[in-house]
1. Charges only on Cβ, +1 for Lys and Arg, -1 for Asp and Glu: so what's the dipole of the chain about the Cα centre, in debye to the nearest 20?
2. With the contact rule set at Cα under 8 Å and sequence spacing of 6 or more, what percent relative contact order holds for the chain?
3. Please give me the summed charge of the neighbours of GLN102: other residues whose Cβ is under 11 Å from its Cβ, Lys and Arg +1, Asp and Glu -1.
4. Taking 0.36 nm per residue of separation and subtracting the Cα-Cα distance, what length does fully extending LYS141 through GLU35 add?
5. Count charges around SER87 for me, please; just the other residues with Cβ under 10 Å from its Cβ, Lys/Arg as +1, Asp/Glu as -1.
6. What is the list of residues in the stretch 122-157 whose amide nitrogen lies under 14 Å from a point 7 angstrom out from the Cα of ARG86, following Cα to Cβ?
7. Tell me what the chain gives for mean residue ellipticity at 222 nm when only DSSP H runs of n ≥ 4 count, each as -39,500 (n - 2.57), the sum divided by the residue total, rounded to 500 deg cm²/dmol.
8. Excluding TYR15 itself, what net charge comes from residues whose Cβ is under 13 Å from its Cβ, given Lys and Arg +1 and Asp and Glu -1?
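Values in this text are rule-based calculations from the coordinates and carry no lab data. Bear in mind that the values here come from a model prediction, so they are computed numbers and not experimental data. All Cβ positions, even for glycine, are placed from backbone atoms using ideal geometry, and neighbour counts span all protein chains on display.
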Amino acid sequence: MTTLVAMTPHEFDAYLQYSAMGYAEDNVRSGRWPEQGAMERALADMRNSLPQGVHTPDQHLFNITDDSGSVVGHLWYATFDQCGHRSAFIYDIEILPEHRQQGHATGAIKAMREQLAESGIHDIQLHVFAFNEGAIALYRKLGFTVSGFNMFLRDSPAAQ
């Protein structure tokens with residue numbers, strides 16, 4: 001069974017570095033950011049969103065664990081007020097490569113939904129990069145629907 005275990009401040013330091021690297025890589029791959037300075041920008045974004053680390057209000061950071069208690073991934077979501085009711089936004093969910101395709105992401109989202117329901121929260125949002133077809137398929141399977149698109153055009157002299 002996949003479970004969520006609250007991340008400790010010590011674990012947060014390692015998570016911040018690991019997650020920022022993935023966030024930087026995804027933004028570069030998508031064309032949103034230049035490679036130069038991407039890691040610094042990712043770290044700055046995450047530190048801005050999590051100024052008190054695991055103690056930042058309304059930010060929820062977890063290790064995702066398997067039946068043996070081994071960490072197989074991470075989950076970060078926020079809760080907030082929107083249009084008069086509480087909602088959640090998944091900032092980061094990642095299953096470590098050697099543990100993928102074993103149902104842990106599905107289990108983590110199910111556990112998160114149970115936590116949120118206990119707080120009266122039933123709306124969950126997230127962003128997924130268009131190139132991440134596996135994640136898109138998972139989210140659709142779990143009932144997420146597309147609520148918008150971000151599009152990108154790099155206007156270069158060579159293209160004209």
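1. Here the chain has a charge dipole of around 400 debye.
2. Here the relative contact order equals 21 percent.
3. -2
4. Details: separation 106, 0.36 × 106 = 38.16 nm, distance 3.26 nm.
This chain segment gains 34.9 nm when fully extended.
5. -1
6. Under cut-off, by backbone N: 122-124.
7. Estimated from H runs of four or more residues: -12000 deg cm²/dmol.
8. Values: positive: ARG47; negative: GLU11, ASP13, ASP92, GLU94.
Net charge around TYR15: -3.
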